[in-house]
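Inspection log for the structure reproduced underneath, given as structure tokens.
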Amino acid sequence: MIPSFLAFQAVGTGAEHGVPVELPDFFSAVGPGLFPPGLASFLDAWAVNIFALACLFALAAVLLRGAAGQKDVPRGIQNAVEALVEWFQGVLGEILGRHTDRFIPFLGTLFLFIVFMNLAGLIPLFRAPTSQFEITLSLAIVVFLYIQATAVRSFGLRGYLKHLMGSPEGLVGWLLAPMMLPIHLVSEIARPFSLALRLFGNVMGEDALIAAFTGLGVMALGFFDSPVGLPLGLPFIFLALLFGMIQAFVFPLLSAVYISQVLPSEGDHCHA
Amino acid sequence: MNNMLSLSLPLTVAFAAIASAIGLAMAISAAMSAIARQPEAAGKIQNSMVIGCAFIEALTIYAIVVVFILQGKM
């Protein structure tokens, strides 16, 4: 459970309505006491990026542990990581088919990185970096550029332009092409925004919910001057665990669907 | 203006949630009966269901984001 002194501060620093918008993190709670004022405000402004970096290092540590000293009969972390990779291969294999192995490294890393970032918000004094739109938007822009590069590589520049015009054939097709092109362009550009907004909205919503109920729990016993509050936020932590995993799974899954649309495969076309 | 927003912002989320709940219910019930009919295709159906659910749910998220943006004007 989140220590109540943090929740007290959340109530204190919360918006003017009295309900906290988000729980305080390390840099906003204890940073001002530890660092000189200039450094503290700098760190507070960059807190999200620092947490994202911490998640990245934690992820790298886990994966390097899993990949170091590979044995034929895997044990411990190597076993867990291998099971995870195999599961992810199976899931993506149904979307990407024979191209799966090309995209597993990128999409799998994306999945694990987002899992780490989503669940970081549940650790006291941490904040989920994905609850900031800048972080999710930058992830989505990376996916967008990756999709465009994959498309140009698989169709060629001219072929990709033709694909954007709806692969026109015959007179009717070419007449419709000027109409298809803007539609496809808009949908290409809207994709990273919808990816980013979906992740950001879910994670921020969960965090705001937990913060609001933790604040309520503290306020409920506030008239006692009780040192601990009611753990009203507890059920929503389990909800956040579930949704954090699902959203982290959906992000690379949708990326895989978008990638599969720009691959020259005749078979499994998934028009989503 | 203030009162209008404080009434309409929660209603925005409520209506978006109602609509996407109906959409999710239809999608999930169809997926469930499909899985019951063909348990061996469960993995494939589940994947497409999750993708579809993400698209449906995104609309509520858009509503929430709009509400959060407008909350600053209250």
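The values are calculated or read from the model by the stated rules, or taken from the named source; none is laboratory data. What you see is a predicted model, and the numbers here were worked out from it, not measured in a lab. So basically every Cβ, Gly included, is an ideal-geometry build from the backbone, and we count neighbours across all protein chains shown.
Kindly indicate the residue of segment A:187-203 that is under 19 Å from A:Val262 (Cα atoms) and among the small types (Gly, Ala, Ser) and also nearest to the other protein chains (Cβ to nearest Cβ) among those meeting that condition.
A:Ser194
Being buried (at least 20 other Cβ atoms within 10 Å of the Cβ), at pLDDT 85 or above and not β-branched (Val, Ile, Thr): is that true of A:Pro129 here? Walk me through it before giving the result.
On the way: buried (at least 20 other Cβ atoms within 10 Å of the Cβ): yes; at pLDDT 85 or above: yes; not β-branched (Val, Ile, Thr): yes.
Judged against the criteria, A:Pro129 is a match.
Among the candidates A:Ala256, A:Ala240, A:Ala248, which residue alone is over 30 Å from A:Arg153 (Cα atoms) and crowded, with 19+ Cβ neighbours inside 10 Å?
A:Ala240
Scan segment A:176-204 residue by residue and report those that are buried (at least 19 other Cβ atoms within 10 Å of the Cβ) and either over 15 Å from A:Ile141 (Cβ atoms) or among the polar types (S, T, N, Q) (or both).
Hits for segment A:176-204 are A:Gly201, A:Asn202, A:Val203, A:Met204.
Anything in segment B:50-74 that is crowded, with 17+ Cβ neighbours inside 10 Å, more than 9 Å from chain A (Cβ to nearest Cβ) and under 8 Å from the mean Cα position of the chain (by Cα)? List them, or say none.
Within segment B:50-74, B:Ile56 is the sole residue that qualifies.
What are the residues in segment A:242-269 that are in contact (Cβ under 8 Å) with a residue 60 or more places away in the chain and either in a loop (DSSP other than H, G, I, E, B) or basic (Lys, Arg) (or both), if any?
Those that are in contact (Cβ under 8 Å) with a residue 60 or more places away in the chain and either in a loop (DSSP other than H, G, I, E, B) or basic (Lys, Arg) (or both): A:Val262, A:Leu263, A:Pro264, A:Ser265, A:Gly267, A:Asp268.
Which condition from (1) within 14 Å of chain B (Cβ to nearest Cβ); (2) surrounded by fewer than 19 Cβ atoms within 10 Å (Cβ to Cβ); (3) more than 17 Å from B:Val50 (Cβ to Cβ) is the one that A:Glu169 breaks?
Only one criterion in (1) within 14 Å of chain B (Cβ to nearest Cβ); (2) surrounded by fewer than 19 Cβ atoms within 10 Å (Cβ to Cβ); (3) more than 17 Å from B:Val50 (Cβ to Cβ) is unmet by A:Glu169, namely (1).
Kindly indicate whether A:Glu206 is acidic (Asp, Glu), assigned to a helix (DSSP H, G or I) and more than 14 Å from chain B (Cβ to nearest Cβ).
no
For segment A:10-31, which residues satisfy the criterion of being assigned to a helix (DSSP H, G or I) and either modelled with pLDDT under 50 or over 29 Å from the mean Cα position of the chain (by Cα) (or both)?
Result: A:Ala10, A:Val11, A:Gly12, A:Thr13.
Out of A:Pro231, A:Pro252, A:Pro264, A:Pro227, report the one residue that is away from every other protein chain (no Cβ under 14 Å) and modelled with pLDDT of 80 or more. Please lay out each step first, then the result.
Numbers: A:Pro252 fails: away from every other protein chain (no Cβ under 14 Å); A:Pro264 fails: modelled with pLDDT of 80 or more; A:Pro227 fails: modelled with pLDDT of 80 or more.
One residue alone meets the criteria, A:Pro231.
Here's a check for you: in segment A:78-99, which residue that is away from every other protein chain (no Cβ under 13 Å) and closer than 11 Å to A:Leu263 by Cα is surrounded by the most Cβ atoms within 10 Å (Cβ to Cβ)?
Here is the first cut: in segment A:78-99, the ones away from every other protein chain (no Cβ under 13 Å) are A:78-86, A:98-99.
The next check asks that each one be closer than 11 Å to A:Leu263 by Cα; those that pass are A:98-99.
On the way: A:Arg98: 11, A:His99: 19.
It comes out as A:His99.
Checking the conditions here, which among A:Leu199, A:Leu216, A:Leu232, A:Leu239 is assigned to a loop (DSSP other than H, G, I, E, B) and either over 18 Å from B:Val65 (Cα atoms) or within 30 Å of the chain's Cα centre (by Cα) (or both)? Explain how you work it out, then say what you get.
Details: A:Leu199 fails: assigned to a loop (DSSP other than H, G, I, E, B); A:Leu216 fails: assigned to a loop (DSSP other than H, G, I, E, B); A:Leu239 fails: assigned to a loop (DSSP other than H, G, I, E, B).
Only one candidate passes the filter, namely A:Leu232.
Just wondering, is there one or more residues in segment A:139-148 that are at pLDDT 85 or above and of a type in the set (Gly, Ala, Ser)?
yes
If I filter segment A:145-163 for residues that are more than 13 Å from the chain's Cα centre (by Cα), touching a residue at least 40 places away in the same chain (Cβ under 8 Å), within 14 Å of another protein chain (Cβ to nearest Cβ) and surrounded by 13 or more Cβ atoms within 10 Å (Cβ to Cβ), do I get at least one hit?
Looking through segment A:145-163, none of the residues is more than 13 Å from the chain's Cα centre (by Cα), touching a residue at least 40 places away in the same chain (Cβ under 8 Å), within 14 Å of another protein chain (Cβ to nearest Cβ) and surrounded by 13 or more Cβ atoms within 10 Å (Cβ to Cβ).
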